[in-house]
Structure formats: C-alpha cells, structure tokens
Amino acid sequence: MSTASTAQQRTVPAWWQAGPFAAVFLVFFLVPLALTLMVSFWNFNEYELLPGFTFKNYWAIFEGCAGLNERGDLCVSLATYLSTLKFCFLVWAITLVFGFAVAYFLAFHVRSPGVQTALFVLCTVPFWTSNVIRMISWVPLLGRNGLVNEVLQGLHLVDKPVEWLLFSNFSVVLAFVHLYTMFMIVPIFNSMMRIDRSLLEAASDSGASGWQTLWNVIVPLCKTGILIGSIFVITIVMGDFVTIGVMGGQQIASVGKIIQVQTSYLQFPLAAANAVILLAVVLMIIWGLTRLVDIRKEL
C-alpha cells in the first residue's frame, strides 16, 4: 500500500473535525437562544412562570406605540430603542474615527516591528483591569468636585461646576469609547497590515495625494476590518447595561437596562421577549452591514 493511501486512511473525516466546534455552537448559542425564544411566549405572575404560548409579552412591550402620547412623545419602548440606537451610532462613529487613526499610525508610520508591537500592546493596557474599574476611574475626574471641574474653575472658564460631565449622555458615550475603541483598532490594523505596500507606491507614482491614496486605496482595502470592528462595537453597545447604569447614574434608559431590571423583578418572559426583539434589531443592522462587504470573499 502506498504512503499516500495510508495517509488518506489516517485522515480524520471532516465532520469529525467540525464536531467539537458544532457542539460548542449548539450548547452555548443555539440552545440558550431557543430557550429564550421559548420563554418569551410564556406567561407569568408575581410568583411563577406559566408555560404556554401567548403574544402577551410582545404586545406589552409596544403597547400604546401606535402613535404619540398625550405629551406628544413616543411610547417608552420606542423611545428606549431610539436612545439605544443613538448611543450605538455615536459610539460607532467615534470609535471608527479613533480606531482608524490609531491603526493607520501603527501600520504606516511606525517602521520598526518592535516599536509597532510595543505600541500595540500599550493600547491593550486598559484591558488589564475590569470594565467597572475603568468606568469608576472617570468619577473623580468628571464629578462635580472632580479634577476637570477644579481645573475649569481654576482657569476661570466657568463660574460653577459643570453638571453634564458625569451621569449624562456625555459620560456614557465617553465610557463606551474608552472601553470599546480597541475592538475597532484590532481588525482595522489587521486589514492594514495585509495591504501590499506596492499599491501605495503605485498610487504615489500616479500623482495621487495622501488623501486620495487614503480614500481610494487604503479605505477600500480596509472594508473588512472596518466591518468586523463595527459588528463588535455595535453588538456590545446595543446589549450593554452596566456602562449605562454606572456612567448614567441609573437615570438613562437602554434596552439592555430594561432587560436587566425585568429579570431582577423575575419578569423573565417579558425580558426574554425584549431580548428577542433586541437580537432581531442587531441582526438586521449586521445584515445591512454585510450587504456592503462580502466577508467570506474578503477574508
């Protein structure tokens, strides 16, 4: 028997190789997702869950959302989803700008691989501590009697402490950007490192300016990294409730915060229905992003 035939017999079948990954995907994703979907159709009272099938939870979420209320405002659910989408868009835009700038600097302006690696590791330093610690570190800086207000008052730029620096939309967005910019840097940097430098030289030889090279060469070749980073940031921000709770002073609502409150009151079917709707919204956003770039083709 030839060596090739022996090697072929010893090769593990493809379905055996994919088996462990499929099992992990099934146990840790599909099963919890199916259970969440199932519970979202159950009923409940103050004491117990009542298995069954009802759309009551979904109707309760968007009850009264057919039009504006007496004060001319949207219903609570729609207002909360719009608020969450607003945070998501702002954080995505800011992290994209900062992430792209940092990745561009590391990829094209740092020549030494050692320095490049050192700077890249430096970007990961904030991840050596927990998210909660990093969020709390902003309190002595942005608080009413914090360092920033003391400096502003010391320079006579303001007469009294600035109230909106902490426990506001500003502090929530700032914390999100601080926490999740790295999720944008890594995939964009990876895409930039794969760009053939001869393409940049060819663009320069053709008379393209730096901005033209950036927009017409680098950005199109980084679409995959931008898309992956965007998916990371959007999915995390849409479901986050800890950051909004801490940095918003428990005064700002988000879908994730509503789900957390509902579970704390043992309203699991209602929370599950909200989770299913949130998942559907996130999947629609991701579907829209993937229409712009074919990840399977680009990777």
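Report, by chain and number, residues whose modeled amide H sits under 5 Å from the one on Asn43, excluding near sequence neighbours (fewer than 5 apart, same chain).
Result for Asn43 returns Leu50, Gly52.
Return the label of the correct value of semi-axes √(5λ) of the Cα gyration tensor in Å, as calculated from the structure shown, out of [x] 24, 23, 21; [y] 47, 29, 16; [z] 38, 34, 19.
Label [z] holds the value from this structure.
Could you derive backbone 3J(HN,Hα) for the stretch 250-266 from the dihedral phi with the Karplus parameters 6.51, -1.76 and 1.60 (θ = phi - 60°), listing whole Hz in sequence and x where the residue is Gly or Pro?
Here the 3J(HN,Hα) series is 6, 10, 10, 8, 8, 5, x, 5, 4, 4, 5, 5, 5, 5, 5, 9, 6 Hz.
When a/c is below 1.5 the answer is rounded, else prolate if a/b is larger than b/c, else oblate, so apply that to the stretch 43-129 with a ≥ b ≥ c taken from the square roots of the Cα gyration tensor eigenvalues.
Cα axes put the stretch 43-129 in the prolate bin.
Convert each backbone phi in the stretch 126-133 into a coupling constant with the Karplus relation 6.51 cos²θ - 1.76 cosθ + 1.60 (shift: θ = phi - 60°), then list the ³J(HN,Hα) values in order as whole Hz, x for Gly and Pro.
So the J values, rounded to whole Hz, are x, 7, 7, 10, 6, 4, 5, 5.
Once you mark the GluC sites (Glu not before Pro) that are in a DSSP loop and have at most 14 other Cβ atoms within 10 Å, what is the longest gap between them in the chain?
That would be 71-299.
For Leu35 and Ala79 in one chain, what is 0.36 nm times their gap in residues minus the Cα-Cα distance, to one decimal in nm?
Taking 0.36 nm per residue and subtracting the Cα distance, the gain is 13.1 nm.
Suppose a student asked you for the relative contact order of the chain, using Cα pairs under 8 Å spaced at least 6 residues apart; what percent would you report?
That works out to 24 percent.
Can you count the Lys pairs in the chain whose Cα atoms are under 24 Å apart, with each pair 8 or more apart or on different chains?
Number of lysine pairs found: 4.
If I take R0 = 35 Å and measure r between the Cβ atoms of Phe62 and Thr290 in this structure, what FRET efficiency does the formula 1/(1 + (r/R0)^6) give, to the nearest 0.05?
0.80
Measuring from label point to label point, each 7 Å out along Cα→Cβ, what is the Phe98 to Arg134 span in nm?
Spacing of the two 7 Å Cα→Cβ label points: 0.9 nm.
Each reported figure results from applying straightforward, stated rules to the coordinates on display, with no laboratory input. Being a predicted model, the structure only gives us computed values, none of them experimental. Here the Cβ is made from the backbone with ideal geometry for all residues, glycine too, and neighbour counts use every protein chain on show.
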